[in-house]
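Since the structure comes first, as structure tokens, the remarks are kept for the end.
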């Protein structure tokens with residue numbers, strides 16, 4: 001049995017290589033079924049995200065090298081890649097492949113250490129592979145163990161409790177001010193990656209309303225549509241930057257991250273908004289450099305203003321905490337790797353016993369048929385074979401069976417096995433010391 005994890009990720013390949021090798025979500029099931037067929041019914045699961053493209057493969061027909069070469073050839077042909085993928089590819093074999101999948105599922109191999117999204121992505125891949133019929137006993141067991149390992153890591157370590165992105169840190173700070181998000185309105189200024197991440201974090205907190213303010217209205221509207229739970233959801237709105245003074249009084253939370261060289265929100269604008277809010281508190285996070293919100297806003301009563309520098313200290317502390325949690329997680333994963341290895345060894349032992357029985361049963365059957373032919377009635381002679389002929393046929397059957405049964409063990413025994421006590425193993429295997 002060959003078990004392999006093969007792929008490229010954010011550590012080994014630049015984005016221009018990863019995007020060329022990536023698979024769209026809607027085509028994954030078809031691709032897994034196709035690759036499984038190309039690899040002689042090999043078990044296949046493909047994980048494709050913005051940060052990684054990975055192949056998990058299990059085969060009884062192909063060895064490790066064949067699996068690697070054929071898979072790379074299939075990828076390059078399918079994606080029509082002009083460049084060789086080999087310099088960017090990593091491969092993990094057997095127990096290393098098992099550990100790698102478990103580390104991926106637990107967020108230990110992610111760009112952001114401990115991020116939880118990858119586990120959901122792996123579960124989606126697993127379901128697609130099941131529907132495509134591209135996984136069987138080995139990968140089925142492996143993925144289930146990986147999910148269990150990730151769950152235990154989440155429960156027994158602090159790997160996911162401390163924010164390590166500015167967007168997540170901003171949302172976590174907001175939790176210290178607001179106990180209930182379900183009645184809050186949020187104003188986002190900008191429509192870049194950081195704002196999108198913060199918006200998705202806040203969406204999970206079920207905020208009542210989101211307003212996307214952006215210099216290009218179409219980009220703001222696009223983000224609002226992506227974040228909205230449905231097309232009919234009117235609680236997600238896009239506005240131009242010039243409309244901020246009108247909507248700012250509605251905002252309980254303001255998160256800003258643009259590329260503007262000058263402040264977009266000034267002290268006077270916030271003072272006016274606070275008056276209209278009747279001194280109701282406003283939480284503001286300025287993630288931009290240069291700053292989007294005038295620093296003097298921090299002096300206003302009822303305003304909590306944080307900058308990216310304020311969050312940086314929190315992030316560094318939390319990253320150290322996650323590193324410590326990651327060390328604890330590695331110990332947990334080793335237990336799951338050992339469990340899977342014991343299961344696999346037991347499965348392979350069972351397969352070996354079955355194949356051994358089948359091989360010798362086939363030999364016995366073939367020799368029995370040959371012996372029957374020797375003692376068959378010759379030329380229609382109904383008298384049948386003589387006692388002497390029957391005994392001779394049985395003697396030859398016994399001799400041939402013994403010769404065939406012992407041939408491979410004797411060949412193996414005569415070979416030089418430096419680290420094995422072949423004679424002791426043989427005596428125990430065939431019980432030679434007991435009459």
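Bear in mind that the values in this text are calculations on the coordinates, not laboratory data. If you're wondering where the values come from, they're calculated on a predicted model, not measured in any experiment. For neighbour counting, all protein chains shown are included, and Cβ atoms are generated from backbone atoms with ideal geometry for every residue, glycine included.
At a temperature of 25 °C and a viscosity of 0.890 mPa s, determine how fast the stretch 212-266 diffuses translationally according to Stokes-Einstein, using the Kirkwood radius over alpha-carbon pairs as Rh; express D in µm²/s, rounded to the nearest whole number. Working shown, then result.
Details: Rh = 12.1 Å.
Using the Kirkwood radius from Cα pairs, D works out to 202 µm²/s.
Output the Kirkwood hydrodynamic radius of the stretch 52-148, Cα pairs only, in Å rounded to one decimal. Before the final figure, lay out each step's value.
Details: mean 1/r = 0.0680 Å⁻¹.
The answer is 14.7 Å.
Using only helices, what value at 222 nm comes out for the chain when you add -39,500 (n - 2.57) per DSSP H run of length 4 or more and divide by the total residues, to the nearest 500 deg cm²/dmol? Could the numbers behind the result be given before it?
Values: 14 runs with 232 residues, N = 435.
Dividing the helical sum by the residues of the chain leaves -18000 deg cm²/dmol.
By counting other Cβ atoms within 10 Å of each Cβ, how are 157, 216, 307 ranked from fewest to most?
Numbers: 157 22, 216 12, 307 18.
With the sparsest Cβ surroundings first, the list reads 216, 307, 157.
What is the percent of Cα-Cα separations in the stretch 254-311 that go past 18 Å? Intermediate results must be reported in sequence, preceding the final value.
Working: 429 of 1653 pairs.
Beyond 18 Å sits 26 percent of the P(r) for the stretch 254-311.
Arrange 394, 429, 85, 67 by Cβ neighbour counts within 10 Å, fewest through most, would you? Provide the component values of the computation, followed by the final result.
Working: 394 13, 429 9, 85 21, 67 24.
Arranged by neighbour count, lowest to highest, 394, 429, 85, 67 become 429, 394, 85, 67.
With each pseudo-label sitting 7 Å past Cα toward Cβ, what's the residue 63-residue 424 distance in nm, one decimal?
About 2.9 nm separates the two model spin labels.
Taking the chain as a Gaussian network, where each spring joins two C-alpha atoms under 10 Å apart, which residue of 244, 255, 135 fluctuates the most?
Answer for the Gaussian network model of the chain: 244.
Hey, in the GNM for the chain with a 10 angstrom Cα cutoff, which one of 344, 267, 388 fluctuates hardest?
Looking only at 344, 267, 388, the biggest GNM fluctuation is shown by 388.
For the chain, go through all pairs of different Cα atoms, get the mean of 1/r, take its inverse, and jot down that Kirkwood value in Å. Before the final figure, lay out each step's value.
Details: mean 1/r = 0.0368 Å⁻¹.
The Cα-based Kirkwood calculation yields 27.2 Å.
Rounded, prolate or oblate: which one fits the stretch 102-242, using the alpha carbon gyration tensor with axes a ≥ b ≥ c (rounded when a/c is under 1.5, else prolate when a/b beats b/c, else oblate)?
On the way: a/c = 2.60, a/b = 1.75, b/c = 1.49.
In terms of gyration-tensor shape, prolate.
Multiply the residue separation of residue 276 and residue 215 by 0.36 nm, subtract the distance between their alpha-carbon atoms, and state the gained length in nm to one decimal.
Working: separation 61, 0.36 × 61 = 21.96 nm, distance 2.48 nm.
Gain on extension, residue 276 to residue 215, equals 19.5 nm.
What residue among 308, 411, 125 shows peak mean-square fluctuation when the chain is described by a Gaussian network model with Cα springs under 10 Å?
For the chain, modelled as a Gaussian network with Cα springs under 10 Å, the answer is 411.
Quick check: pseudo-label points 7 Å beyond the Cα along Cα→Cβ at residue 327 and residue 90, how many nm apart are they?
Those two pseudo-labels are separated by 2.1 nm.
Please work out the FRET efficiency for the pair residue 161 and residue 123, using the Cβ-Cβ distance as r and a Förster radius of 25 Å; give the result to the nearest 0.05. List each step's numbers first, then the result.
Values: r = 21 Å, r/R0 = 0.84.
Between residue 161 and residue 123 the formula returns 0.75.
Counting every Cα pair in the stretch 166-315, what percent are over 26 Å apart? If you can, show how the numbers build up before the last one.
Numbers: 1688 of 11175 pairs.
Of all Cα-Cα distances in the stretch 166-315, 15 percent exceed 26 Å.
For the stretch 278-327, max minus min Cα coordinate along each principal axis, in Å, sorted largest first?
49, 25, 12
In degrees from 0 to 90, rounded to the nearest 10, what is the angle of the helix 217-227 Cα long axis to the longest principal axis of the chain?
50
Rank these for me by crowding, 414, 215, 370, going from fewest to most other beta carbons within 10 Å. Mind showing how you got there, number by number?
On the way: 414 8, 215 16, 370 13.
Taking fewest neighbouring Cβ atoms as first place, the list is 414, 370, 215.
Using the alpha-carbon atoms, what tilt in degrees (0 to 90, nearest 10) does helix 387-414 show relative to the longest principal axis of the chain?
40
Could you tell me how many degrees, from 0 to 90 and to the nearest 10, lie between the Cα long axis of helix 64-79 and the main elongation axis, the longest principal axis, of the Cα atoms of the chain?
Once rounded, the angle reads 50 degrees.
Could you tell me how many cubic angstrom of Cα convex hull volume the stretch 6-68 has per residue? Before the final figure, lay out each step's value.
On the way: hull volume 5.0 nm³, N = 63.
Hull volume over Cα atoms, normalised by residue count, gives 79 Å³.
If only Cα atoms are counted, what is the Rg of the stretch 1-108, and what is its Dmax, in Å?
Spelled out, the Cα radius of gyration and Dmax of the stretch 1-108 are 12.9, 34 Å.
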